[in-house]
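Peer 1: What follows is a structure written as structure tokens; I'll ask about it next.
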Amino acid sequence: MNPLDRQLLYIKFRGKLRAEYGRAGAEEIWRAAGEEYSRLLARRPDLKAHRGRMVLPAAALYLVMDRGDAERLLGEYGDETGKFFAGIVHALTSLPGVSSLIWRNMEGIMDRMSSEDLGYKRRIVSRPPDMYGVDILSCPYHELAKELGAEKAVLCICRMDKVYMKGFCHIRYERSTAVSEGAKACDYRLRRGESGKRPGKGKAHDGSEQT
């Protein structure tokens, strides 16, 4: 069995391959990527852990594809998957009291999500109640992708992250830079009091129409 068939976060990427290359071309890429995934995992059994589960499928696909196509298609997939999760986040945080509860615990949540124990290096810029701001100086997903020779593959995860976090109700999220794009830090900024729009509907936070 192709190990990529068990990667639920990436399984729909197979459809993007079919739309791009046709069924036969897509199946060949999927097969080759599955073999690459197995080779990488055989060399690095530790990649079964969290960061490996996120990065390894994207890296395997990137390594067997044309680099330009891989970067474009994985980036688009990150946007599409981010919109899906943003819809879930929006629905959950629309429930009465949920966004307030999240904001009261925002510092602790972000501490757990970007802790040094997980491999992050960070700098706290500001704390609630006005704004929670953190600069991620080094990301374990980006570092792993570089180790695997597939640095650009991690843009899929970066773009997914950037889109899904815009789904929060009453919490405004902004990130304008990313270490994976050559910046010195990923600049996460979260503010309380401005309602997010459901992804794909209404206006974006910058006032432009969302599609």
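Computed from the coordinates by the stated procedures, all read-outs in this text should not be read as laboratory data. Everything numeric here is computed off the predicted structure, so don't read it as measured data. Please note: Cβ atoms are built from the backbone with ideal geometry, for glycine as well, and neighbour counts cover all protein chains shown.
Peer 1: In degrees from 0 to 90, rounded to the nearest 10, what is the angle of the helix 13-43 Cα long axis to the longest principal axis of the chain?
Peer 2: Taking the Cα atoms of the chain, the angle to 13-43 is about 90 degrees.
Peer 1: Same structure again: Taking the alpha carbon gyration tensor of the stretch 3-192, what are the square roots of 5 times its eigenvalues, largest first, to the nearest whole Å?
Peer 2: Values: eigenvalues 195, 71, 40 Å².
Taking √(5λ) for each Cα gyration eigenvalue gives 31, 19, 14 Å.
Peer 1: Cα axis of helix 67-93 to longest principal axis of the chain: angle in degrees, 0 to 90, nearest 10?
Peer 2: 40 degrees
Peer 1: On full extension of the chain, what length is gained from residue 76 through residue 137, given 0.36 nm per residue of separation minus the C-alpha to C-alpha distance?
Peer 2: The residue 76-residue 137 span can extend by a further 19.5 nm.
Peer 1: Then there's this: Take residue 46 and residue 24, extend 7 Å from each Cα along the Cα→Cβ direction, and tell me the distance between the two endpoints in nm.
Peer 2: 4.3 nm
Peer 1: Please express the Cα-Cα pair-distance distribution P(r) of the stretch 1-89 as a list of whole percents, one per 5 Å bin, running from 0 to the bin with the greatest distance.
Peer 2: 3, 14, 25, 27, 18, 10, 4, 0
Peer 1: Give me the Debye-computed log₁₀ of I(q)/I(0) at q = 0.19, 0.21 Å⁻¹ for the stretch 60-162, equal point scatterers on Cα only, no solvent, two decimals.
Peer 2: The computed values of log10 I(q)/I(0) come out as -1.08, -1.16.
Peer 1: Just report the Cα centroid separation between the stretch 152-170 and the stretch 76-101, whole Å.
Peer 2: 11 Å
Peer 1: Under the rule of -39500 (n - 2.57) per DSSP H run of 4 or more residues, summed and divided by the residues of the chain, what mean residue ellipticity at 222 nm is obtained, to the nearest 500 deg cm²/dmol?
Peer 2: The helix-only estimate for the chain comes to -16500 deg cm²/dmol at 222 nm.
Peer 1: Rounded to the nearest 0.05, what FRET efficiency is calculated for residue 2 and residue 88 with R0 set to 25 Å and r the Cβ-Cβ distance?
Peer 2: After rounding to 0.05, the efficiency reads 0.40.
Peer 1: Apply 1/(1 + (r/R0)^6) to the Cβ-Cβ distance of residue 11 and residue 124, taking R0 = 30 Å, and write down the FRET efficiency to the nearest 0.05.
Peer 2: 0.25
Peer 1: Additional query: So how tilted is helix 155-164 from the main axis of the chain? Cα-based, degrees 0 to 90, rounded to 10.
Peer 2: The angle comes out near 30 degrees.
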